[in-house]
Amino acid sequence: MQRIAALAHLELTADEQVLFTRQLADILAYAQQVQAIDTSDVPATAHVHAAQQTERSDDPRESLSTSDALGNAPDTAPDAGLFRVPRVIGG
Amino acid sequence: MLNSSARVIRDEIAAGSISAVDVCRAFLERIESVNPSLNAFNLIAADRALARAEEIDRQRAQGVSAGPLMGVPIAVKDNLCVRGMRTTASSRILERFVPPYDATAVRRMEAAGAVIVGKANCDEFAMGSSNENSAYGPVLNPWARDRTPGGSSGGSAAAVAARCVPLALGSDTGGSIRQPAAFCGVVGLKPTYGRVSRYGLLAFASSLDQIGPISSTVSDAALALSALAGPDPADATSSPQPVPDFSAALTGDVTGLRIGVPRAFVADGVDNSVRRAYDEALDTLRRAGAKLVDIDLPHAKYAIPAYYLVATAEASSNLARYDGVRYGHRTADDGHLGLQDMYRRTRDEGFGTEVKRRIMLGTYVLSAGYYDAFYLKAQQVRTLLRQDYDAVFDKTDVVAMPTTPTPPFRLGEKTDDPLQMYLADVFTVSANLVGLPAISVPCGFVTPSDGSDPSQRLPVGLQLTGRLFDEPSVLNAADAYQRLTDWHTQRPA
């Protein structure tokens, strides 16, 4: 549970850890039934229209202005057009 | 006016019999009067709506041609970006987020003349089947205030049912338009995946999400779909498939329509009252000339586990962006906060329990050692389900199921058991996994099966699913059913 929380950048309370351990175990036990299906030679579907052409020519287009892009940020360096974050400590 | 369809409202405004401002005022007054007892709206944008309505009246006076939704008041689910209008996804993590751009779906509705009166409450990040997961309080079912309106588009469905708006936009990832539509006695359409651009929809599961209309009539749903549909360069998953005239498909004729009935799949776990309403609805269509065909969907029972593996995996990726850096909530910094701690605390403070649960599940499913057993397997189940439906659509035109296994359940009834809540989606998730269009249309009222309150009339819905891009058949069948019944004309007290 702690390893997964760390991967997901979530800090769970002690109560949440207990609750989720039980609930996730129940849900995964239920989801386990997909193991029983024979899926040899069955391709995976990641996208329902996989054959769709999705590329366009590499031409720049209008996007958000810098001020719009920074407009909702909690902390910015607006003149530099940057978002400001706490320093990275200990990697 | 409050009981009129979007079509009628639009036609009367276009003809000059009533002004867009008067229509807007009437619905805003209605919202003010009933919303406190429903909590269907996270935000009511009265000034902006009236300004829009005034602009529309000016345009009409100048002879500008009338858009297909001219002056129609609409509610927009709060996971759709409206430029300049607070959009929260019903989460604390976006409590003060004001989008700098419109979702394409929103832009197209406004270009057609629709007037946005507010943002509809929903389950947080569209994760839920009861609208009890909103950070801004639950939405109540207008038909029974002690019951849920369904979710995640609970606010949109309740708003239409209570006549706060004739039309609303919702989103559907596992049933989030159709199930609340069924619980609220209104129409809800999930278009084919790719039919409507997802640009500006706060993403939950990118291979499953679709935006669609909620209305009281199928005819209005067709009207809205025409405004919404079509490719968008801003959404690479939107389809170049040509957009037919959906309204022209509503002939009222279902002679020879082949309706697939998956008897084994709907045999278990369905309330008797829901089954009765479903059987009667099928009979109504049969007497109108449709042909009922027994079909089998052998892998349908695996749809729920496959869905919760795929959807949570995609959600864990999509919700990684809410990290306190570019928008949304950031945890308070005492000056000693490191970046990693900032991420964790921000997300812990900002996300509700269900969202965290799904992120955890999705992260687990994608993690090393479990990817093949869970995520990859689920994606293979999607292929098997598609093959089931391909075989079925060889001999049928639409597949009919009850939209939900039960009538609307009580607030708090399933909140302690997430798995029980997930099972409510048993009939809706397949359409998302395979990308098929599906509609829920009201098909009756039932009393609570536990006999608790025989005076309660609870709506139930009939779901019709069609081939990829065959909204015309789905809409036509649902519209024909509405012409033969009057469930959709009834209003909550």
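The values are calculated or read from the model by the stated rules, or taken from the named source; none is laboratory data. Computed from a predicted model, the values in this text were never measured in an experiment. For neighbour counting, all protein chains shown are included, and Cβ atoms are generated from backbone atoms with ideal geometry for every residue, glycine included. Just the protein is used for accessible areas: all its heavy atoms, side chains included, with ligands, DNA and RNA removed. Shrake-Rupley method; radii C 1.70, N 1.55, O 1.52, S 1.80 Å.
Below is a table of values for the structure above.
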| item | result |
| --- | --- |
| Hey, residue B:98 among the β-branched types (Val, Ile, Thr) and under 19 Å from the mean Cα position of the chain (by Cα) or not | no |
| Residue among A:46, A:50, A:80 that alone is open to solvent by 80 Å² or more (accessible area, probe 1.4 Å) and either touching a Phe, Trp or Tyr at 6+ places or on another chain (Cβ under 9 Å) or of a type outside the set (Ser, Thr, Tyr) (or both) | A:50 |
| Of residues in region A:2-22 being of a type in the set (Asp, Glu) and either surrounded by 11 or more Cβ atoms within 10 Å (Cβ to Cβ) or under 19 Å from the mean Cα position of the chain (by Cα) (or both), the one farthest from residue B:422 (Cα to Cα) | A:11 |
| So residue B:260, is it more than 14 Å from chain A (Cβ to nearest Cβ) and surrounded by fewer than 14 Cβ atoms within 10 Å (Cβ to Cβ) | no |
| Positions within region A:66-91 being more than 25 Å from the chain's Cα centre (by Cα) and either part of a helix (DSSP H, G or I) or of a type in the set (S, T, N, Q) (or both), in sequence order | A:67 |
| Which numbered condition residue B:269 misses (of (1) buried (at least 21 other Cβ atoms within 10 Å of the Cβ); (2) not in a strand (DSSP E or B)) | (1) |
| Residues satisfying the stated conditions in region B:287-300, i.e. in a helix (DSSP H, G or I) and either away from chain A (no Cβ under 14 Å) or without any contact (Cβ under 8 Å) to a residue 40 or more places away in the chain (or both) | B:287 |
| Strands (runs of 3 or more DSSP E) contained in region B:129-237 and holding at least 1 residues out of contact with any helix residue (DSSP H, G or I) (no Cβ under 8 Å at 6 or more places or on another chain) and more than 20 Å from residue B:474 (Cβ to Cβ) | none |
| Verdict on residue A:41 being outside any loop (DSSP other than H, G, I, E, B), more than 7 Å from every other protein chain (Cβ to nearest Cβ) and loosely packed, with under 15 Cβ neighbours inside 10 Å | no |
| Any hit, region B:316-324, residues being without any contact (Cβ under 8 Å) to a residue 12 or more places away in the chain and either closer than 30 Å to residue B:389 by Cα or not aromatic (Phe, Trp, Tyr) (or both) | yes |
| Residue match in region B:428-445 (condition: open to solvent by 20 Å² or more (accessible area, probe 1.4 Å) and under 25 Å from residue B:273 (Cβ atoms)) | yes |
| Tabulated pairs, region B:468-493, first closer than 30 Å to residue A:52 by Cβ, second modelled with pLDDT under 95, C-beta under 8 angstrom, 6+ apart or interchain | B:468/A:48 |
| Pairs, first under 12 Å from residue B:162 (Cα atoms) and at pLDDT 95 or above in region B:34-53, second open to solvent by 20 Å² or more (accessible area, probe 1.4 Å) and hydroxyl-bearing (Ser, Thr, Tyr), C-beta under 8 Å, six or more apart | B:39/B:136 |
| Criterion (out of contact with any Ser or Thr (no Cβ under 7 Å at 6 or more places or on another chain), more than 7 Å from chain B (Cβ to nearest Cβ) and under 22 Å from residue B:356 (Cβ atoms)) met by exactly one of A:3, A:61 | A:3 |
| Hey, residue A:25 open to solvent by less than 70 Å² (accessible area, probe 1.4 Å), outside any loop (DSSP other than H, G, I, E, B), more than 8 Å from chain B (Cβ to nearest Cβ) and at pLDDT below 90 or not | no |
| Of all residues in region B:374-395 being touching a residue at least 40 places away in the same chain (Cβ under 8 Å) and away from every other protein chain (no Cβ under 14 Å), the one that is most open to solvent (accessible area, probe 1.4 Å) | B:395 |
| Filter result (within 14 Å of chain A (Cβ to nearest Cβ) and either in a strand (DSSP E or B) or in contact with a Lys or Arg (Cβ under 6 Å, 6 or more places away or on another chain) (or both)) within region B:83-122 | B:85, B:98, B:99, B:101, B:102 |
| Members of region B:356-382 found to be over 24 Å from the mean Cα position of the chain (by Cα), in a helix (DSSP H, G or I) and of a type in the set (S, T, N, Q), listed by number | B:363, B:380 |
| Residue B:53, sole failed condition from (1) assigned to a loop (DSSP other than H, G, I, E, B); (2) among the small types (Gly, Ala, Ser); (3) within 28 Å of residue B:122 (Cβ to Cβ) | (1) |
| Qualifying position, being charged (D, E, K, R) and more than 9 Å from chain B (Cβ to nearest Cβ), among A:15, A:75, A:68 | A:15 |
| Enumeration of residues in region B:456-493 that are surrounded by 24 or more Cβ atoms within 10 Å (Cβ to Cβ) and modelled with pLDDT under 95 | none |
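Here is a yes/no grid of residues against (1) farther than 16 Å from residue B:483 by Cβ; (2) part of a helix (DSSP H, G or I):
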{"site": "B:252", "(1), (2)": "no, no"}
{"site": "B:281", "(1), (2)": "no, yes"}
{"site": "B:285", "(1), (2)": "no, yes"}
{"site": "B:302", "(1), (2)": "yes, yes"}
